[in-house]
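Here is the structure we will look at.
Just so it is clear, none of the values below were taken in a lab; they were calculated from the coordinates. Keep in mind that what you see is a predicted model, and the values were worked out from it rather than measured. Ideal geometry is used to build each Cβ from the backbone, glycine not excepted, and the neighbour counts take in all protein chains shown.
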Amino acid sequence: MISKEENILFAAEKLFAEKGFDGTSTREISKAANVNISMISYYFGSKEKLYEKLVEYRMNEGQFFSKDILERTDINEWEKIEKIVDEFSAKVKNNKCFYRIMQREQLHAENPQIVEFLKQTKMGFLSMYSQILKSGLEKGVFTKNPLIYLLHTTVSGTLFYASNAKEMYKEFLNDTDDEDTFDEKYYTELNKHIKYLLKDLLGYEENK
């Protein structure tokens, strides 16, 4: 069961993704969430604060995962990279609306709070990759030392571009599967592709 606050957040997320922040009214949000418009003021204070809360909510979802990955001792550094790719890809696949919002924000960010959230998230990824790469090089799991910021760009850039172009590729492939079936195949192949690139960039060899 989701809370009333989450219900409003999720309804707003879909509208923000479709119409943008300026193009979405609190009245539309209240209608989509099936709540009185006064509930938005009660829980969030304003549309801008609701927007900030949505970004904070989604960003916080990844923090526990990052901490867990770094602390694990039962898997090696390459397996940690694989789990990061799997998790990131799943988030993009399952939270399409939010990542559409974030891509728009990266191009036209005006809210300083949102800008800070985006910066902290990117810095978190860079720190995580740095720690894993350093450990992997010391243990001989990796043999190459790529630039960390470009490593992250390879993962996030490929995911976002492929996600945005999914419908075009579905048409190009002349795929007649339903949306969910194609989604599963598409993101599975996308994961494999990203991991193949990362193996080369990191100099990782299986069964070495």
If I ask for residues that are touching a residue at least 24 places away in the same chain (Cβ under 8 Å), assigned to a helix (DSSP H, G or I) and farther than 14 Å from G157 by Cα, which ones from region 74-89 would you list? E77, W78, K80, I81, E82, I84, D86, E87
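What helices (runs of 4 or more DSSP H) lie completely within region 108-208 and have 2 or more residues being touching a Ser or Thr at 6+ places or on another chain (Cβ under 9 Å)?
On the way: elements: 112-139, 148-164, 166-172, 179-202.
Where helices (runs of 4 or more DSSP H) fall fully within region 108-208 and carry at least 2 residues being touching a Ser or Thr at 6+ places or on another chain (Cβ under 9 Å), they are 112-139, 148-164, 179-202.
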Which of the residues that make up region 156-188 are in contact with a helix residue (DSSP H, G or I) (Cβ under 6 Å, 6 or more places away or on another chain) and among the β-branched types (V, I, T)? T158
Do we have any residue at all in region 39-55 that's closer than 30 Å to S130 by Cβ and among the hydrophobic types (A, V, I, L, M, F, W, C)? yes
Whichever residue in region 4-44 is of a type outside the set (V, I, T) and not in a helix (DSSP H, G or I) and, among such residues, is farthest from R100 (Cα to Cα): N36
